[in-house]
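Reviewing the structure listed below.
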Amino acid sequence: MKHIKIFDTTLRDGEQSPGCSMNLPEKIEMAKQLERLGVDIIEAGFAIASPMDHKSVRAIAAAVSKCTVASLARCVKGDIDAAWDAVKEAKHPRIHVFLATSDIHMEYKLKMTREEVLQRISEMVSYAKSLCEDIEFSAEDASRSDRDFLAQCYSNAVAAGATTLNVPDTVGYSTPQEMGDLIRYLREHVKGVENADISTHCHDDLGLAVANTLACIQAGATQVECTVNGIGERAGNASLEEIVMNLRTRKNFYDADTGINTKQIYRSSKLLSSITGVAIAPSKAVVGANAFAHESGIHQHGVIANSQTYEIMNSTDVGIPQNTMVLGKHSGKHALREKLESMGYELTDEELENVFTRFKTLADKKKNVTGSDLEALVLHRRNTSITTQIGGCRLVSHVINAGDGVPNTSCIKLQQDDKTLEEVAIGEGPLDASFKAINRMLGIDIKLESFSLNAVTDGEDAIGEAVVKIEAPNGERYTGTGLSTDIIESSIRAYVNGINKMMEDSEANA
């Protein structure tokens, strides 16, 4: 059975998706989860893009040990130097260089001839190889490139020392048959291809990213580039969870598998959603809320008789918990730890204490705390950890007066370091009043860009998750999330969480 390497670019291409930016602690947390998931390569970022990108790549390189850590670089010496400086302390470093090879990109973007592109590939891959043993070369817009010329580009890259050749469908234009044919063509026409992995990087502009990727695997690709939840530029990338579960569920058809620990898939998906504030669509394959739900009476009858009648995967295979043990306000820390471990969460004593404190608060408000409630508490534990840093704010209390025909007022009390701050404001609604009060007491002009509210658990006492996107005075944007059975409280917590991220970022860049 063929082994397929999983190259995860959630932290690079995925983060370029609008609204999906992450701060440094969030990137490190996601990288560690990707390592638990079992990906082979983590593309940690584009080191030359900014000092913060460089810092993030370096921090991730130090935080993980089992995965190869890669940084993207254009075929330019300065990019390659920055990439190497960022990944050189990784246990398994990789430099990923790219250059466009399609006629439209060469003429209008690069303004280079074919001969100049071939020479640049040879020179820059060779230079990267002088620094790092593991070199990946990507021919940007490969799917729209002349095949003869493309084969020459890859042949030059192999001769210069590339160990992985990536074939991107950069604009999501190709079809499965075309991508499969392209991989087969390159296997036959690239000199030295037997000494390199053939990779593929497909975008989802026409909804074919996963299908194209699977076609490439069938044609001989040995590495696939993908992201958790399929996030990425424009319509996104090929979805990691969909590729992996296709290969696992249809082993007899693809004769290929990965080293992914599939029981960590759902946890990875939910963590990313929690960090970015981008909800997972209910109908999303593998990890969506409806992926293992049945409403039709005929389907329900079939599943009760034999789950395989309408389920081709077991929910537990992807780590979706079966919530059988119910916890309440009388439950202790040991029971909580046991339940969380059964759900696949391993927490330190400090993290458990954090979750337990909020579990007790929640248990006073809810009769029964379900596995989904616990999952929400665990995934949002970092929201409270930020407040322990210098300058972080914590919501102490809020008093709202709202109604039809009366002024909407909010009195907010925050704790910042050893100071207690309190302010009252009038607004067009309770949230507008609350956010104005917070802005006034902190002396910061923050703009609310968007706001959403979702129930993350079921029932009339469900936990509400609020997601806000705010713009700081310097134009930077931050996502804040908050949880509570009180939707006003969860919204205020989300706003404060976004401000804490802004303050933390400001401290890091100071």
**Prompt:** Which sequence of ILE198, ILE280 reflects their accessible areas, 1.4 Å probe, from the largest down?
**Reply:** ILE280, ILE198
**Asked** Which of the lysines could a cross-linker span from LYS77 if the Cα-Cα distance has to be under 21 Å and same-chain partners fewer than 8 positions apart are dropped?
**Response** LYS55, LYS88, LYS109, LYS111, LYS129
**Asked** How much accessible surface does LEU110 have with a 1.4 Å probe, in Å² rounded to 10?
**Response** 50
**Item:** Whole-Hz ³J(HN,Hα) from phi, Karplus 6.51 cos²θ - 1.76 cosθ + 1.60, for segment 462-471, glycine and proline x
**Value:** 4, 6, x, 9, 9, 10, 10, 10, 10, 10
**Request:** Label segment 418-485 by shape, choosing from rounded, prolate and oblate, from the square roots a ≥ b ≥ c of the eigenvalues of the Cα gyration tensor; if a/c is under 1.5 it is rounded, and otherwise prolate applies when a/b is larger than b/c, oblate when it is not.
**Result:** prolate
**Within the accessible area of segment 157-197 (1.4 Å probe), percent carbon and sulfur** = 47
**Request:** Return the FRET efficiency for the residue pair ASN474, GLU188: r is the Cβ-Cβ distance, R0 is 60 Å, and the value is rounded to the nearest 0.05.
**Result:** 0.70
**Asked** What is the packing order of peptides 472-482, 345-355, taking the mean over residues of other C-beta atoms within 10 Å and listing the highest first?
**Response** 472-482, 345-355
**Prompt:** Whole-Å semi-axes of segment 315-374's equivalent ellipsoid, largest first, each the root of 5 times a Cα gyration tensor eigenvalue?
**Reply:** 19, 15, 9
**Message:** Suppose every Lys and Arg Cβ carries +1 and every Asp and Glu Cβ carries -1, with no other charges. What dipole size does the chain come out with about its Cα centre, to the nearest 20 debye?
**Reply:** 760
**Asked** Hey, which lysines would be in cross-link range of LYS469, C-alpha to C-alpha under 17 Å, not counting anything within fewer than 8 residues on its own chain?
**Response** LYS436, LYS447, LYS501
**Prompt:** Roughly how many percent of the accessible protein surface of segment 1-132 is carbon and sulfur, given a 1.4 Å probe and a whole-percent answer?
**Reply:** 53
**Message:** How large are Rg and Dmax for the chain when calculated on the C-alpha trace, in angstrom?
**Reply:** 24.7, 77
**Message:** Relative contact order for the chain: what percent, with Cα pairs under 8 Å and sequence separation of 6 or more?
**Reply:** 10
**Complete:** For the chain, the longest principal axis of the Cα atoms and the Cα long axis of helix 333-342 enclose an angle in degrees, to the nearest 10, of 30
**Message:** Out of all DSSP beta bridges in the chain, what portion is antiparallel? Express it as a percent rounded to 5.
**Reply:** 50
**Request:** Report, in whole Å, the centroid distance computed from the Cα atoms of segment 60-127 and segment 147-202.
**Result:** 16
**Request:** Mind ranking 257-265, 68-76 by how tightly packed they are, going by the mean number of other C-beta atoms within 10 angstrom, highest first?
**Result:** 68-76, 257-265
**Item:** Projected label distance in nm at SER452 and ASP181, using a 7 Å step from Cα toward the beta-carbon
**Value:** 3.9
**Message:** With a 1.4 Å probe and all protein chains left in place, how much accessible area per residue does the chain have, in Å²?
**Reply:** 44
**Fill in**
Residues whose modelled amide H sits under 5 Å from the amide H of VAL167, counting only those 5 or more places away in sequence or on another chain, are SER199, THR200, HIS201
**Prompt:** Once phi is turned into θ = phi - 60°, what whole-Hz ³J(HN,Hα) does the Karplus curve with 6.51, -1.76 and 1.60 give for every residue of segment 220-233, x standing for Gly and Pro?
**Reply:** x, 5, 10, 9, 10, 9, 7, 9, 5, 6, x, 5, x, 3
**Prompt:** Ignoring ligands and nucleic acids, what accessible area does PHE253 show with a 1.4 Å probe (Å², nearest 10)?
**Reply:** 110
**Request:** For SER506 paired with ASP486, estimate the spin-label separation in nm (one decimal), with each label point 7 Å from Cα along the Cα-to-Cβ line.
**Result:** 2.7
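Normalized C-alpha radius of gyration of segment 157-273, against 2.2 N^0.38 Å?
Rg over 2.2 N^0.38 Å, computed on Cα atoms: 1.07.
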**Fill in**
So the FRET efficiency between VAL424 and ASP349, C-beta based with R0 = 41 Å and rounded to 0.05, is 0.55
**Complete:** Under a 1.4 Å probe, counting only protein heavy atoms, MET112 has an accessible area in Å², nearest 10, of 30
**Prompt:** Dividing the alpha-carbon radius of gyration of segment 64-125 by 2.2 N^0.38 Å (N being the number of residues), what value is obtained?
**Reply:** 1.32
**Request:** Averaging over all projection directions, find the projected area of the Cα convex hull of segment 53-191 and quote it in nm² with one decimal place.
**Result:** 8.5
**Cα lying deepest toward the dipole's positive end in the chain, options SER239, ALA455, HIS54, charges on Cβ** = ALA455
**Prompt:** In debye, nearest 20: dipole of segment 409-464 around its Cα centre with unit charges on the Cβ of K, R (+) and D, E (-)?
**Reply:** 260
**J(HN,Hα) series, segment 163-169, from Karplus relation 6.51 cos²θ - 1.76 cosθ + 1.60, nearest Hz, glycine and proline x** = 9, 9, 10, 9, 10, x, 9
**Prompt:** From the residues VAL399, THR164, TYR495, which one has its Cα farthest along the dipole of the chain in the positive direction, the dipole being from +1 and -1 charges on Cβ of Lys/Arg and Asp/Glu about the Cα centre?
**Reply:** VAL399
**Fill in**
Rounded to the nearest 0.05, FRET efficiency between ILE104 and ALA402 (Cβ-Cβ, R0 51 Å) equals 0.35
**Asked** Given labels modelled 7 Å from the Cα in the Cβ direction, how far is it in nm from LYS251 to ALA279?
**Response** 3.7
**Prompt:** When ranked by the protection proxy of mean other Cβ atoms within 10 Å per residue, highest first, what sequence do the peptides 444-455, 33-44 form?
**Reply:** 33-44, 444-455
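The values are calculated or read from the model by the stated rules, or taken from the named source; none is laboratory data. Worth saying up front: this structure is predicted, and the values here are computed from it rather than measured. So basically every Cβ, Gly included, is an ideal-geometry build from the backbone, and we count neighbours across all protein chains shown. Side chains are part of the model used for accessible areas, which takes the heavy atoms of the whole protein and leaves out ligands, DNA and RNA. Shrake-Rupley method; radii C 1.70, N 1.55, O 1.52, S 1.80 Å.
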